[in-house]
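The structure under discussion appears below in the form of structure tokens.
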Amino acid sequence: MSLLEVSGVSKTFTTGRGLLGRRPPRPPAVQDIDFTLEKGECLAVVGESGAGKSTLGRIVLRLIEPDTGKITFDGIDVRAASYREMRRLRRRMQMIFQDPYSSLDPRMSIAEAVAEPLLVHTDLDRAARLRRGAELLDRVGIGRRYLARYPSELSGGQLQRVAIARALTLNPSLIVCDEPVAALDVSVRAQVLNLLRDLQEELGLSYLFVSHDLALVEVIADRVLVMASGRIVEQGDVTQIFRSPTHEYTQRLLSAIPVPVPRDATGRRMVAGDLDPSTRPMEEASQ
Ligand SMILES: Nc1ncnc2c1ncn2[C@@H]1O[C@H](COP(=O)(O)OP(=O)(O)OP(=O)(O)O)[C@@H](O)[C@H]1O
Ligand SMILES: [Mg+2]
């Protein structure tokens, strides 16, 4: 059984009423979506702006209710889950957003922000919550001296590390990462991406990794879903899709990547100093 099974999922957003009370017709944001995600796997969702990537991520976490379709998480029918079941499910499915500034409450200290999910979901006392929060902040590379600081005092990269720690607080199995490094300085993207990759390995996490940056997807993903206008136009193993994309749309997306991602001696895809294609090592390109 897959950790996540999505079948026949569609969603059309309705707009406000137009002239004479008619709703202007809109195309579906996502349509007939079928895929599975295995435990420990990183599945990337790629496609141009407006393709429906974020909508799909939010539907999986039931932050948006789809019009049709079925979503099964660890054997549980998510759309049929009761309030109590949904509370339990929420602990196991987390999300990391693109903009770490808006995902953290500016009035909460870093320590409180990371410990907060434990207040909502567990009986742990304050000292135990803060201890767990401090451990997680250590793990994501945020030193103890930041515990009492507030979001406005941290850099974008540091804040995204805090958001990652907060997402890990309740030991989730699935994290939907929606463009998690797109808003960060190019110089810190690789560090945050490496952190996500290390955490995935260490904790056996599954990622639904939304990105429009294929260079980055090649580094982190096992499999890829390619979306265009709300539909999946292609899906498969990352190496296979990158080597021989069958769909014209995927070929077009891929043609924007100038240099193959370098690999280390074990074949693991390496992250160069950063992921800006213009500064990646050029050896492979010149061969
Ligand atoms: N809350 C909403 N209300 C109405 N329409 C929405 C809403 N969210 C998304 N849409 C529409 O659904 C479509 C898909 O949007 P979505 O945000 O999922 O795309 P995306 O692939 O994440 O794009 P981007 O790369 O720009 O983030 C778009 O046409 C968008 O305008
Ligand atoms: Mg989006």
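What distance in nm lies between label points placed 7 Å from Cα along the C-beta direction at Arg79 and Ala148?
5.1
Counting only DSSP beta bridges with both residues in the chain, what percent are antiparallel, rounded to the nearest 5?
That works out to approximately 55 percent antiparallel.
Give me the distance between the Cα centres of the range 1-68 and the range 123-168, rounded to whole Å.
About 32 Å separates the Cα centre of the range 1-68 from the one of the range 123-168.
Under a 10 Å cutoff between Cα atoms, tell me which one of Phe97, Phe73, Phe242 has the largest fluctuation in the Gaussian network model of the chain.
Phe242
Counting only protein heavy atoms and a 1.4 Å probe, tell me what percentage of the range 1-109's accessible area is made up of carbon and sulfur.
Answer for the range 1-109: carbon and sulfur cover 50 percent of the accessible area.
Evaluate the distance, in nm, between pseudo-label points positioned 7 Å from the Cα of Ser2 and of Arg23 along their respective Cα→Cβ axes.
Here the answer is 2.9 nm between the modelled labels.
Using DSSP loop states and a limit of at most 13 other Cβ atoms within 10 Å to flag trypsin sites (Lys or Arg not before Pro), what is the longest stretch of the chain containing no flagged site?
Numbers: sites that count: Arg17, Arg22, Arg107, Arg268.
Answer from the scan: 108-267.
Which whole-number percent is the relative contact order of the chain (Cα, under 8 Å, 6+ apart)?
Relative contact order comes out at 22 percent.
Which residue fluctuates most in the GNM of the chain (Cα springs below 10 Å): Leu203, Leu214, Leu61?
Leu203
Straight-line reach from Lys39: which aspartates and glutamates have Cα under 18 Å away, leaving out those fewer than 8 places along the same chain?
Cα-Cα hits under 18 Å: Glu5, Asp74, Asp77, Asp198, Glu201, Glu202, Asp222, Asp237.
Please give the length that would be gained between Thr14 and Arg231 if that part of the chain were fully extended, namely 0.36 nm times their separation in residues minus their C-alpha to C-alpha distance (nm, one decimal).
76.3 nm
Do the sum for the chain: with -39,500 (n - 2.57) for every DSSP H run of n ≥ 4, divided by all residues, what is the mean residue ellipticity at 222 nm, to the nearest 500 deg cm²/dmol?
About -10500 deg cm²/dmol.
How high is the relative contact order of the range 1-139? Use alpha-carbon pairs under 8 Å, at least six apart in sequence, and give a whole percent.
22
Counting only the backbone N, which residues of the range 159-178 are under 17 Å from the spot 7 Å out from the Cα of Lys39 toward its beta-carbon?
Residues 171-175 fall inside that zone.
Taking a ≥ b ≥ c as the square roots of the Cα gyration tensor eigenvalues, with a/c under 1.5 meaning rounded and otherwise prolate when a/b beats b/c, else oblate, which class fits the chain?
Since a/c reaches 1.5 but b/c is at least a/b, the shape of the chain is classed as oblate.
Mind checking which lysines have their C-alpha under 18 Å from Lys70, skipping anything on the same chain fewer than 8 residues away?
Cross-link targets: Lys11, Lys53.
Quick one: of the DSSP bridges fully inside the range 111-257, what percent are antiparallel, nearest 5?
Percent antiparallel among DSSP bridges in the range 111-257 is about 55.
DSSP loop GluC sites (Glu not before Pro) in the range 1-107 with at most 16 other Cβ atoms within 10 Å of their Cβ, which ones?
Those that pass, being in a loop and sparsely packed, are Glu38, Glu48.
The values are calculated or read from the model by the stated rules, or taken from the named source; none is laboratory data. Everything numeric in this text was worked out from a predicted model, so none of it was measured. Because the Cβ atoms are built from the backbone with ideal geometry, glycine has one as well, and the counts that use them run over all protein chains shown. For the accessible areas, the whole protein counts, side chains as well, though only heavy atoms, and no ligand, DNA or RNA atoms are used. Shrake-Rupley method; radii C 1.70, N 1.55, O 1.52, S 1.80 Å.
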